[in-house]
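*Asks:* Sharing a structure below in structure tokens format, with a few things to ask.
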Amino acid sequence: MIRSETEVTLGRLLRAVERLHSLQPGGLTVLDAPVVAEVRVSSSNQPADQVPNAALWFHDGRVGMDVTPALLGLSQVEIEFALAHELGHAVSAREIQRSDLRAESVSTASEEVLADLGAAQILRESGRSWAEITSALDGGNLTDADWSGNHPPGEVRKGFLRLFESRLAEGRTAAESVHEVCTIAESALAKRSSAADLLHVLNSIPRSGPEPGGPPTIDDLAGLEDAVHEAAEALVRTREPLRESRGNGAPDPRSPRRDRVDGRSDVDDVGTERDREELRTRAREVRERERRERDRRDRERQRPTEGW
């Protein structure tokens with residue numbers, strides 16, 4: 001795809017954002033600068049140009065998109081996902097407010113998941129199917145098999161997208177689904193566990209929810225949070241026999257490798273009593289936070305409505 005075609009694609013995605021968030025044409029801004037359908041193709045001839053990438057680009061009082069030549073060589077849907085992901089960052093503050101999330105509870109890792117959810121909504125609004133959206137992450141061109149900076153592994157990001165899709169299919173609103181998925185992501189990604197461990201946790205989350213049209217309750221969210229931690233603890237229990245299977249101190253060939261920079265293995269990350277207690281503590285904190293939020297909403301509903 002050439003630059004002019006990419007600008008047409010970006011303009012179409014911007015119209016989708018405006019419809020989703022009820023904005024006037026040209027109404028999307030970042031730091032008070034309007035986001036426009038302008039694309040700059042990097043020409044630095046640096047190794048980074050060989051990596052498919054896109055980023056918001058501030059210039060002359062407006063925001064466009066900076067892309068690498070490698071990105072323009074990908075498929076149409078991959079290019080669209082990369083652009084929509086960056087637009088997902090641009091609307092992240094709106095998504096946090098609309099989904100009743102606390103900004104301070106969205107870490108850098110779960111913020112990437114939030115941007116993916118924003119991208120999925122933008123692409124759905126522009127006419128893409130869910131199969132097309134998740135296929136953008138299949139080839140490994142836009143993601144890595146393991147953590148890359150603040151970006152979770154590609155299969156994990158796709159897992160969160162599928163969880164989001166399943167919640168929408170159950171009849172929950174986008175705001176409710178974003179709230180739930182980001183709450184789970186914040187907890188599950190906190191320890192930067194391996195892709196295999198994170199997928200184990202994601203696959204343990206129940207996919208059956210309330211009847212279509214029924215919003216998730218506070219107890220639903222707390223129960224899902226428990227499911228995340230129960231899955232993590234179950235993973236610990238299955239790994240502990242591997243650590244203890246050789247009493248002579250020799251390494252068990254089935255045990256995880258200890259080739260990390262800090263000398264620790266994945267078992268060390270999730271297998272200590274302290275870590276298990278931390279998981280339980282986080283679950284209690286989430287339940288208490290949701291209980292307080294439920295009480296606040298109850299008080300607001302009972303408050304007399306003032307006249308104009």
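*Asks:* Considering (1) within 21 Å of GLN121 (Cα to Cα); (2) of a type in the set (Ser, Thr, Tyr); (3) open to solvent by 50 Å² or more (accessible area, probe 1.4 Å), say which one SER4 fails and leave the rest.
*Replies:* (1)
*Asks:* Shifting gears a bit: Of the residues LEU117, LEU101, LEU14, which single one is open to solvent by less than 60 Å² (accessible area, probe 1.4 Å), under 30 Å from ALA190 (Cβ atoms) and part of a helix (DSSP H, G or I)?
*Replies:* LEU117
*Asks:* Further, regarding this structure: Checking the condition in contact with a Pro (Cβ under 7 Å, 6 or more places away or on another chain) and small (Gly, Ala, Ser), which residue from ALA93, ALA103, ALA70, ALA119 passes?
*Replies:* Details: ALA93 fails: in contact with a Pro (Cβ under 7 Å, 6 or more places away or on another chain); ALA103 fails: in contact with a Pro (Cβ under 7 Å, 6 or more places away or on another chain); ALA119 fails: in contact with a Pro (Cβ under 7 Å, 6 or more places away or on another chain).
Going through ALA93, ALA103, ALA70, ALA119 in turn, the sole match is ALA70.
*Asks:* Follow-up question, since we're still on this one. Anything in the stretch 34-46 that is closer than 15 Å to VAL63 by Cβ and buried (at least 16 other Cβ atoms within 10 Å of the Cβ)? List them, or say none. Write out each step before concluding.
*Replies:* Initial filter on the stretch 34-46 (closer than 15 Å to VAL63 by Cβ): 34-40.
Within the stretch 34-46, VAL35, VAL36, ALA37, GLU38, VAL39 qualify.
*Asks:* Quick one: how many residues across the stretch 145-177 are under 11 Å from SER110 (Cα atoms) and open to solvent by less than 30 Å² (accessible area, probe 1.4 Å)?
*Replies:* So the count comes out to 3.
*Asks:* Condition first: touching a residue at least 24 places away in the same chain (Cβ under 8 Å), of a type outside the set (S, T, N, Q) and assigned to a helix (DSSP H, G or I). Now tell me which residues in the stretch 68-85 satisfy that.
*Replies:* Passing the criteria: PRO69, LEU72, VAL77, GLU78, ILE79, GLU80, PHE81, ALA82, LEU83, ALA84, HIS85.
*Asks:* If you don't mind, there's one more thing I want to ask. For the stretch 18-27, check the following and say yes or no: at least one residue is crowded, with 18+ Cβ neighbours inside 10 Å, outside any strand (DSSP E or B) and hydrophobic (A, V, I, L, M, F, W, C).
*Replies:* Among the residues of the stretch 18-27, at least one is crowded, with 18+ Cβ neighbours inside 10 Å, outside any strand (DSSP E or B) and hydrophobic (A, V, I, L, M, F, W, C), which makes the answer yes.
*Asks:* Please specify each residue of the stretch 132-144 satisfying the condition of being assigned to a loop (DSSP other than H, G, I, E, B) and open to solvent by less than 60 Å² (accessible area, probe 1.4 Å).
*Replies:* ALA136, LEU137, GLY139, GLY140, LEU142, THR143
*Asks:* State all residues of the stretch 47-67 that are open to solvent by 20 Å² or more (accessible area, probe 1.4 Å) and either touching a residue at least 60 places away in the same chain (Cβ under 8 Å) or not in a helix (DSSP H, G or I) (or both); if no residue qualifies, say none.
*Replies:* Answer for the stretch 47-67, where residues must be open to solvent by 20 Å² or more (accessible area, probe 1.4 Å) and either touching a residue at least 60 places away in the same chain (Cβ under 8 Å) or not in a helix (DSSP H, G or I) (or both): VAL51, PRO52, ASN53, ALA55, LEU56, TRP57, PHE58, HIS59, ASP60, GLY61, ARG62, ASP66.
*Asks:* Just the residues that are within 16 Å of GLY149 (Cβ to Cβ) and of a type in the set (Asp, Glu), please, taken from the stretch 187-209.
*Replies:* Within the stretch 187-209, none qualify.
The values are calculated or read from the model by the stated rules, or taken from the named source; none is laboratory data. This one's a predicted model, so the numbers in the text were calculated from it and none came from an experiment. Note that each Cβ is placed from the backbone with ideal geometry, even for glycine, and that neighbours are counted across all protein chains shown. These accessible areas exclude ligands, DNA and RNA; they are computed on the full protein's heavy atoms, side chains included. Shrake-Rupley method; radii C 1.70, N 1.55, O 1.52, S 1.80 Å.
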